[in-house]
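Asks: Please find one structure pasted underneath; my questions will follow.
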Amino acid sequence: MTEPTRFVLDGAAIATVDGAEHAEGHVVVEGDRIVEVAPGRADPSRGERIDVSGCLITPGLVNTHHHLYQWATRGYAPDSPLFDWLTRLYPVWAGLDEDGTHAAAAAGLARLALSGATTVADHHYVFPRDGGDVFGAVVSAAGSVGLRLHAVRGSMDRGRSRGGLPPDSLVEDPDTALAGTDAAISRFHDPSPGSAVRVAVGPCSPFSVSERLMRESAELARARGVRLHTHLAETADEQRQCLAEFGRTPVEYADDLGWLGPDVWLAHTVHLAESAIARLAETGTGSAHCPSSNGRLGAGVAPVRALLDAGVPVGLGVDGAASNEAGGLGEEMRQALLTARARHGPEALSVREALFAATLGGARCLGRQDEIGSLRPGKLADLAVWRLDGLAHAGIDDPIAALVLGPLPPLRLLLCGGRGVVQDDLLSSVSEVDLARDLRAASAGIRARSERLHGEVAR
């Protein structure tokens, strides 16, 4: 089932996410849209029937923060905190090129698809000299796997000589970064309804980007009508550096530079005062919560309960696979719930709130809540059909609890715009064997090039 047509997914439990749940129901898909969601079995006249008994249908998951190129550099600096981890990895990433980026992005997107994701926001901020069209390679990879992409054109202009962490060879000057971002919008951004690719503006972080580039990037984004994304308030080290360098917390600094608003979503937001949470809510700024990556780097636990209670849009993110080697989004629902409860108590996050964050919450962060994130007639047919009829989930009566608390179920189907991306837990358009082969070659190539440029790179 690779071409859009009219068909009925019949006999599954359904969680629309925006209010309705059916113990047994059906979803009718026509073209790239959902045309009906209803309880009970479907009338045979509704279209070609696909029996999905024993399954749960949810919206396709929305990944609000990733760095797909990092799939080629998993396993480095496994016991390092963020700043040390970055210092070790930047010289490796200097060896990135177009082919390696495509291989890494395709592998990462495939893993995301197999974990239920249909939309991926990828933050690409590494542009090695002589690396070729690395940003275009990410876009091409998304097309080959069949997922919806929000491609964030990142940038860095503060190398080590200016107090930043990356080597000077890996940063751009502000004019080059702004011109490259503007060109990416012109080349790839499609604002039309149902589009497969949209572009956002994303200077990397306050500690790798100058005040000028932060400010002018926001101005560029708003002039071009696209969204804004950056890392913020990820670690205590960042908090201390912002206070020492700018005399303000990360959120206060971002606010002064025009980096809060309903067109902005921020990655991590771990270290937030109550006043900062209130300001994010007041401005409608979204948060991409990345629990596994934050745990891997020891960054802390984002105050998800307080953010949700304040009305901040909260989505889930995998983050780059070099800080979350598992690389799947479905697992982040369980991780978000467990870390929230471990830090803030048993009522910190419910199973339904975890699913909401992975779907409609993420869609809100990306400004696409009218198109994706819930199962409703007229919305895009981006949906996941999870098998819950096996041993791993037997006896769990609540299908949403089974999905979030149990091991991630296999996918009976994953549809993006009505097209099959995964069927019976196998990718429809790409070969896992080929992806793994290409990824191994890319990983070896990046390491070899970085060693030529910088000498031995320690893992």
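Asks: Quick check for me: using +1 on Lys/Arg Cβ and -1 on Asp/Glu Cβ, what's the dipole size of the chain about its Cα centre, in debye to the nearest 20? It would help to have the intermediate numbers written out before the result.
Replies: Working: 43 positive and 59 negative charges, 51 e Å.
In total the dipole reaches around 240 debye.
Asks: Using the Cα centre of the range 55-124 as origin and beta-carbon charges of +1 (Lys, Arg) and -1 (Asp, Glu), tell me which of Ala104, Gly75, Cys55 is placed farthest towards the positive end of the dipole.
Replies: Going by the Cα projections, it comes out as Cys55.
Asks: In the chain, which longest range has no GluC sites (Glu not before Pro) that are both DSSP loop (not H, G, I, E or B) and surrounded by at most 10 other Cβ atoms within 10 Å? Don't skip to the end; give the middle numbers.
Replies: Values: sites that count: Glu347, Glu456.
With GluC sites (Glu not before Pro) excluded where exposed in loops, the chain gives 1-346 as its longest stretch.
Asks: Now for a different question. How large is the charge dipole for the range 4-90, taken about the Cα centre, if only the Cβ atoms of Lys, Arg (+1) and Asp, Glu (-1) carry charge, to the nearest 20 debye? Walk me through the intermediate numbers first.
Replies: Values: 7 positive and 12 negative charges, 58 e Å.
Computed about the Cα centre, the dipole is about 280 debye.
Asks: Could I ask something else about it? Among (1) 203; (2) 156; (3) 126, which is the computed volume of the Cα convex hull per residue in Å³?
Replies: (3)
Asks: Which whole-Hz ³J(HN,Hα) couplings does the range 446-452 yield from phi under the Karplus relation 6.51 cos²θ - 1.76 cosθ + 1.60, θ = phi - 60°, glycine and proline marked x?
Replies: Rounded to whole hertz, the list is 5, 5, 5, 5, 5, 5, 5.
Asks: If the only charges are +1 at each Lys and Arg Cβ and -1 at each Asp and Glu Cβ, what is the size of the charge dipole of the range 1-146 around the Cα centre, to the nearest 20 debye? Numbers along the way, then the final one.
Replies: Details: 9 positive and 19 negative charges, 39 e Å.
Computed charge dipole of the range 1-146: roughly 180 debye.
Asks: Using amide H atoms built 1.01 Å from N in the peptide plane, name the residues 5+ places from Ala38, or on other chains, whose amide H lies under 5 Å from its own.
Replies: Here the answer is His26, since their amide H atoms fall under 5 Å of that of Ala38.
Asks: Right, another one. Work out from phi, with θ = phi - 60° and the Karplus expression 6.51 cos²θ - 1.76 cosθ + 1.60, the ³J(HN,Hα) of each residue of the range 13-21, listed in order in whole Hz, and give x for Gly and Pro.
Replies: Karplus values, whole Hz, x for Gly and Pro: 5, 9, 10, 6, 6, 9, x, 10, 9.
Asks: Rounded if a/c is under 1.5, else prolate if a/b beats b/c, else oblate: with a ≥ b ≥ c from the C-alpha gyration tensor eigenvalues square-rooted, which is the range 1-75?
Replies: Values: a/c = 2.63, a/b = 1.91, b/c = 1.38.
Prolate shape, in that a/c is at least 1.5 and a/b is the bigger ratio.
Asks: Suppose all protein chains stay in the model; what accessible area per residue would a 1.4 Å probe give for the range 77-171, in Å²? Intermediate results must be reported in sequence, preceding the final value.
Replies: Values: 2480 Å² over 95 residues.
Result: 26 Å² of accessible area for each residue.
Asks: Using only alpha carbon pairs under 8 Å that are at least six residues apart, calculate the relative contact order of the chain and give it in whole percent.
Replies: With pairs under 8 Å counted, the relative contact order is 23 percent.
Asks: Right, next: Once you order the gyration tensor axes a ≥ b ≥ c over the Cα atoms, which shape class does the range 65-220 get: rounded for a/c under 1.5, otherwise prolate or oblate by comparing a/b with b/c? It would help to have the intermediate numbers written out before the result.
Replies: On the way: a/c = 1.83, a/b = 1.19, b/c = 1.54.
Note, shape of the range 65-220 comes out oblate.
Asks: Among DSSP beta bridges lying fully in the chain, give the percent that are antiparallel, nearest 5.
Replies: 45
Asks: ³J(HN,Hα) across the range 125-140 via Karplus (A = 6.51, B = -1.76, C = 1.60, θ = phi - 60°), whole Hz, x for Gly/Pro?
Replies: So the Karplus estimates, Gly and Pro as x, are 10, 10, 10, x, 5, 6, x, x, 8, 5, 5, x, 5, 5, 4, 4 Hz.
Asks: Put +1 on the Cβ of each Lys and Arg and -1 on the Cβ of each Asp and Glu in the chain; which of His150, Pro262, Leu380 then has its Cα farthest toward the positive end of the dipole?
Replies: It is His150.
Asks: Also, quick follow-up: Quick one: with all protein chains in place, what share of the accessible area of the chain is carbon or sulfur, to the nearest percent (1.4 Å probe)?
Replies: On the way: 8120 of 16070 Å².
Carbon with sulfur: 51 percent of the solvent-accessible area.
The values are calculated or read from the model by the stated rules, or taken from the named source; none is laboratory data. Since the model is a prediction, treat every value here as computed from it, not as a measurement. Neighbour counts run over all protein chains shown; Cβ positions are idealised from the backbone, glycine included. Just so you know, the surface numbers come from the protein's heavy atoms only, side chains and all, with ligands and any DNA or RNA stripped out. Shrake-Rupley method; radii C 1.70, N 1.55, O 1.52, S 1.80 Å.
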